[in-house]
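Okay, so here's the structure we're looking at.
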Amino acid sequence: MREKESFDAQQNQEGMMDNLNQQQINRLNTALVQREQALREDIRREMDAQDDYVQLASEVPDPGDQSFANLSVDLGNAAVTRDMHELRAIELARRRMSSGTYGECASCGYPIPFERLQAMPTAERCAPCQENFERTHNEGHRGATM
Ligand SMILES: [Zn+2]
(Lines give C-alpha, C1' and ligand atoms only; values in the text may rest on other atoms or scores of the structure.)
Protein backbone atom coordinates (compact mmCIF):
# COMPACT_ATOMS: atom_id res chain seq x y z
CA MET A 1 0.00 0.00 0.00
CA ARG A 2 2.71 2.43 0.99
CA GLU A 3 4.73 1.46 -2.05
CA LYS A 4 1.82 2.25 -4.30
CA GLU A 5 1.36 5.64 -2.68
CA SER A 6 4.91 6.70 -3.22
CA PHE A 7 4.77 5.40 -6.75
CA ASP A 8 1.71 7.54 -7.50
CA ALA A 9 3.33 10.59 -5.95
CA GLN A 10 6.37 10.10 -8.06
CA GLN A 11 4.25 9.67 -11.17
CA ASN A 12 2.37 12.89 -10.45
CA GLN A 13 5.52 14.82 -9.85
CA GLU A 14 7.10 13.58 -13.03
CA GLY A 15 3.87 14.24 -14.89
CA MET A 16 3.97 17.86 -13.87
CA MET A 17 7.65 18.26 -14.66
CA ASP A 18 7.72 16.40 -17.94
CA ASN A 19 4.52 16.77 -19.87
CA LEU A 20 6.61 16.13 -22.96
CA ASN A 21 9.49 13.71 -23.22
CA GLN A 22 12.76 14.79 -24.75
CA GLN A 23 11.96 13.13 -28.06
CA GLN A 24 8.68 15.00 -28.35
CA ILE A 25 10.35 18.29 -27.48
CA ASN A 26 13.01 17.64 -30.10
CA ARG A 27 10.37 16.98 -32.73
CA LEU A 28 8.47 20.14 -31.87
CA ASN A 29 11.69 22.13 -31.79
CA THR A 30 12.58 20.88 -35.26
CA ALA A 31 9.13 21.85 -36.50
CA LEU A 32 9.59 25.34 -35.04
CA VAL A 33 13.05 25.75 -36.57
CA GLN A 34 11.84 24.64 -40.00
CA ARG A 35 8.82 26.91 -39.84
CA GLU A 36 11.02 29.80 -38.73
CA GLN A 37 13.37 29.32 -41.67
CA ALA A 38 10.48 29.19 -44.11
CA LEU A 39 9.00 32.37 -42.64
CA ARG A 40 12.32 34.24 -42.77
CA GLU A 41 12.69 33.31 -46.43
CA ASP A 42 9.14 34.48 -47.10
CA ILE A 43 9.72 37.78 -45.36
CA ARG A 44 13.01 38.36 -47.12
CA ARG A 45 11.40 37.63 -50.47
CA GLU A 46 8.50 39.96 -49.73
CA MET A 47 10.87 42.70 -48.65
CA ASP A 48 13.21 42.23 -51.57
CA ALA A 49 10.20 42.72 -53.81
CA GLN A 50 9.83 46.18 -52.33
CA ASP A 51 13.01 48.11 -53.09
CA ASP A 52 12.35 50.71 -50.42
CA TYR A 53 12.44 48.10 -47.74
CA VAL A 54 15.57 46.20 -48.66
CA GLN A 55 17.42 48.06 -45.93
CA LEU A 56 14.93 46.93 -43.33
CA ALA A 57 15.36 43.28 -44.26
CA SER A 58 18.55 43.32 -42.20
CA GLU A 59 16.40 43.66 -39.08
CA VAL A 60 14.62 40.38 -39.68
CA PRO A 61 16.96 38.33 -37.46
CA ASP A 62 15.63 39.94 -34.28
CA PRO A 63 11.93 39.22 -33.93
CA GLY A 64 12.07 39.73 -30.16
CA ASP A 65 12.71 43.43 -30.57
CA GLN A 66 9.70 45.72 -30.16
CA SER A 67 10.74 47.86 -33.12
CA PHE A 68 10.49 44.72 -35.19
CA ALA A 69 6.79 44.42 -34.40
CA ASN A 70 6.25 48.09 -35.19
CA LEU A 71 8.19 47.71 -38.40
CA SER A 72 5.86 45.01 -39.66
CA VAL A 73 2.89 47.28 -39.04
CA ASP A 74 4.61 50.17 -40.85
CA LEU A 75 5.19 48.02 -43.89
CA GLY A 76 1.48 47.73 -44.43
CA ASN A 77 2.10 44.41 -46.09
CA ALA A 78 -0.44 41.90 -44.87
CA ALA A 79 1.63 38.85 -45.82
CA VAL A 80 4.75 40.14 -44.08
CA THR A 81 2.78 41.23 -41.04
CA ARG A 82 1.23 37.79 -40.71
CA ASP A 83 4.60 36.12 -41.17
CA MET A 84 6.18 38.36 -38.55
CA HIS A 85 3.46 37.65 -36.05
CA GLU A 86 4.04 33.95 -36.53
CA LEU A 87 7.80 34.44 -36.31
CA ARG A 88 7.30 36.24 -33.04
CA ALA A 89 5.14 33.38 -31.75
CA ILE A 90 7.88 30.94 -32.73
CA GLU A 91 10.50 33.02 -30.96
CA LEU A 92 8.38 32.98 -27.81
CA ALA A 93 7.77 29.24 -28.09
CA ARG A 94 11.51 28.61 -28.34
CA ARG A 95 12.12 30.79 -25.31
CA ARG A 96 9.57 28.76 -23.36
CA MET A 97 11.41 25.65 -24.51
CA SER A 98 14.73 26.88 -23.16
CA SER A 99 13.18 28.05 -19.89
CA GLY A 100 11.33 24.75 -19.44
CA THR A 101 7.80 26.15 -19.48
CA TYR A 102 7.01 24.98 -23.00
CA GLY A 103 3.85 22.88 -23.23
CA GLU A 104 2.27 24.42 -20.15
CA CYS A 105 -0.96 26.29 -20.66
CA ALA A 106 -0.37 30.01 -20.02
CA SER A 107 -3.83 30.33 -18.51
CA CYS A 108 -4.56 27.23 -16.44
CA GLY A 109 -1.02 25.87 -16.07
CA TYR A 110 -1.97 22.34 -17.11
CA PRO A 111 0.03 20.51 -19.77
CA ILE A 112 -1.02 21.13 -23.35
CA PRO A 113 -1.60 17.76 -25.12
CA PHE A 114 1.22 16.74 -27.44
CA GLU A 115 -1.29 16.30 -30.30
CA ARG A 116 -2.24 19.95 -30.04
CA LEU A 117 1.39 21.06 -29.96
CA GLN A 118 2.12 18.92 -32.98
CA ALA A 119 -0.66 20.62 -34.91
CA MET A 120 0.35 24.03 -33.56
CA PRO A 121 3.86 24.09 -32.04
CA THR A 122 3.44 27.74 -31.05
CA ALA A 123 0.33 27.04 -28.94
CA GLU A 124 0.50 28.92 -25.65
CA ARG A 125 -2.70 27.54 -24.21
CA CYS A 126 -4.74 24.37 -24.10
CA ALA A 127 -7.73 24.39 -26.48
CA PRO A 128 -10.44 25.42 -23.96
CA CYS A 129 -8.31 28.26 -22.56
CA GLN A 130 -7.40 29.46 -26.05
CA GLU A 131 -11.07 29.59 -27.02
CA ASN A 132 -11.83 31.46 -23.88
CA PHE A 133 -8.92 33.83 -24.46
CA GLU A 134 -9.94 34.56 -28.04
CA ARG A 135 -13.54 35.18 -27.07
CA THR A 136 -12.48 37.69 -24.43
CA HIS A 137 -9.84 39.18 -26.71
CA ASN A 138 -12.24 39.62 -29.64
CA GLU A 139 -14.91 41.17 -27.48
CA GLY A 140 -12.37 43.70 -26.29
CA HIS A 141 -11.49 44.52 -29.86
CA ARG A 142 -15.09 44.88 -30.93
CA GLY A 143 -15.72 47.26 -28.07
CA ALA A 144 -12.72 49.37 -29.02
CA THR A 145 -13.26 49.56 -32.75
CA MET A 146 -17.03 49.72 -33.13
ZN1 LIG B 1 -5.51 25.87 -20.14
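Contact list please: Cβ distance under 7 Å, first residue in the range 98-126 and within 22 Å of L39 (Cβ to Cβ), second residue near the ligand (Cβ under 10 Å from one of its atoms) and among the hydroxyl-bearing types (S, T, Y), pairs at least six apart or on different chains.
Qualifying pairs under 7 Å: R125/S107.
Being in a helix (DSSP H, G or I) and modelled with pLDDT under 95, is that true of even one residue in the range 98-110? Talk me through it step by step, then tell me what you get.
Of the range 98-110, the ones in a helix (DSSP H, G or I) are 98-99.
Add one more test, that the residue is modelled with pLDDT under 95, and what stays is 98-99.
There is at least one residue in the range 98-110 that is in a helix (DSSP H, G or I) and modelled with pLDDT under 95.
So L117 passes all but one of these: (1) within 16 Å of the ligand (Cβ to nearest atom); (2) in a helix (DSSP H, G or I); (3) modelled with pLDDT under 95. Which condition number does it fail?
Among (1) within 16 Å of the ligand (Cβ to nearest atom); (2) in a helix (DSSP H, G or I); (3) modelled with pLDDT under 95, the lone unmet condition for L117 is (3).
The values are calculated or read from the model by the stated rules, or taken from the named source; none is laboratory data. Being a predicted model, the structure only gives us computed values, none of them experimental. Counting neighbours? That spans all protein chains shown, and the Cβs are built from the backbone with ideal geometry, glycine included.
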